[in-house]
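None of the figures in this text is laboratory data; all of them are computed from the coordinates on show. Predicted model only: the values in this text are computed from it and were never measured. Cβ coordinates were reconstructed from backbone atoms using ideal geometry, including for glycine residues, and neighbour counts include every protein chain displayed.
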Amino acid sequence: MPDEDWGQYPPASHLLVHLSDTHFLGAERPLYGAVDTDTTVHRALEQLERSGLRPDAIVLTGDIADRGEADAYRRVRDLVEAAADRLGTRAIWVMGNHDERAAFRTELLREQGSEQGSEQGATRPVDAVFDIRGLRIIVLDTSVPGYHHGEVTDEQLAWLAGVLAEPAPHGSLLALHHPPLPTPTALMSILELREQPRLAQVIAGGDIRSILGGHMHSATTGMFAGIPVSVAAATCYTLDPSAPRRELSGVDGGQSFNLVRVYGDQVVHSHVPVGGYDVVTRFDAAFLDRFAHLTPEERTEAFSRHA
């Protein structure tokens, strides 16, 4: 009997992995000359594989490559897709403000005819819809070519309204780079998603159950238009939200990813730090196997009652 059945909730219907802001550079160059972006993503994917979890998708919410370099996209693509193949799942890529649409299409999405400078590859937003066993993942490109702040065009809003006109069996998750949330950092507020009320009007009353974002470089949660928002901290470096408000302080620590579990009536986001840590207490598989043969009352007495 799986341990998910021991409480009052049934098992989740879907499991997603949410990573963000990998910021790979070409030729394996360290970011800012100091941050090994590749190793952290390797470690995150290794942790996932060791866990035994089998996610329905790996969603990466933007800033995949720091400067839009083709070889940076290929490197992160090959790394993530290899892990996805081993896990029996797929990767879903979202545009960020550091990404370049043409190279994003050609190298990550493997689309043909997206050469740099073409109207399709260089200017058209990279929006998409994915059906994951009845759970709809809507990818919305909030990037603005040549800038770091976020926007959504009238055409995108009309497209999104059309998608939401028909509800999905398990509802929808909206994946974008610029989260519709306030930021505690003064400089980052300049780079927020702009004209958010227009997006709120489109998604209010629809079937979007949660919004997945990046950009902030720190694990953050909030609400927008009555919908929970979950921001995955970057895998490259994180911003210190406790730094003085007039400072923007990026640190090589706190890298993490999120696990997203979708239930019938809610979506639960779990923050997973990347790295190895000393185990100070543990209940192993043999312990859990013994509990599998107990009644619910016996489990309560054996585990809930104070020793």
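In table form, for the structure just shown:
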quantity: Among (1) within 24 Å of HIS14 (Cβ to Cβ); (2) surrounded by fewer than 18 Cβ atoms within 10 Å (Cβ to Cβ); (3) among the hydrophobic types (A, V, I, L, M, F, W, C), the one test that ILE227 misses; calculated: (2)
quantity: Near pairs, Cβ below 8 angstrom, 6+ apart or cross-chain, from segment 282-307 (within 25 Å of SER51 (Cα to Cα)) to any residue that is assigned to a loop (DSSP other than H, G, I, E, B) and of a type in the set (A, V, I, L, M); calculated: ALA292/MET1
quantity: Members of segment 119-173 found to be in contact (Cβ under 8 Å) with a residue 24 or more places away in the chain, farther than 24 Å from MET216 by Cβ, surrounded by 15 or more Cβ atoms within 10 Å (Cβ to Cβ) and small (Gly, Ala, Ser), listed by number; calculated: ALA168, GLY171
quantity: Selection within segment 181-221 - surrounded by fewer than 18 Cβ atoms within 10 Å (Cβ to Cβ), charged (D, E, K, R) and outside any loop (DSSP other than H, G, I, E, B); calculated: ARG198
quantity: In segment 41-64, residue nearest to GLU107 (Cα to Cα) [restricted to those that are over 15 Å from the mean Cα position of the chain (by Cα) and outside any loop (DSSP other than H, G, I, E, B)]; calculated: HIS42
quantity: Pair list, Cβ under 7 Å, 6 or more apart: segment 16-44 residue over 20 Å from VAL272 (Cα atoms), other residue among the charged types (D, E, K, R) and surrounded by fewer than 18 Cβ atoms within 10 Å (Cβ to Cβ); calculated: LEU25/ARG67; GLY26/ASP71; ALA27/ASP71; PRO30/ASP36; ALA34/ASP252
quantity: All positions within segment 255-295 that are surrounded by 15 or more Cβ atoms within 10 Å (Cβ to Cβ) and among the aromatic types (Phe, Trp, Tyr); calculated: PHE257, TYR263, PHE291
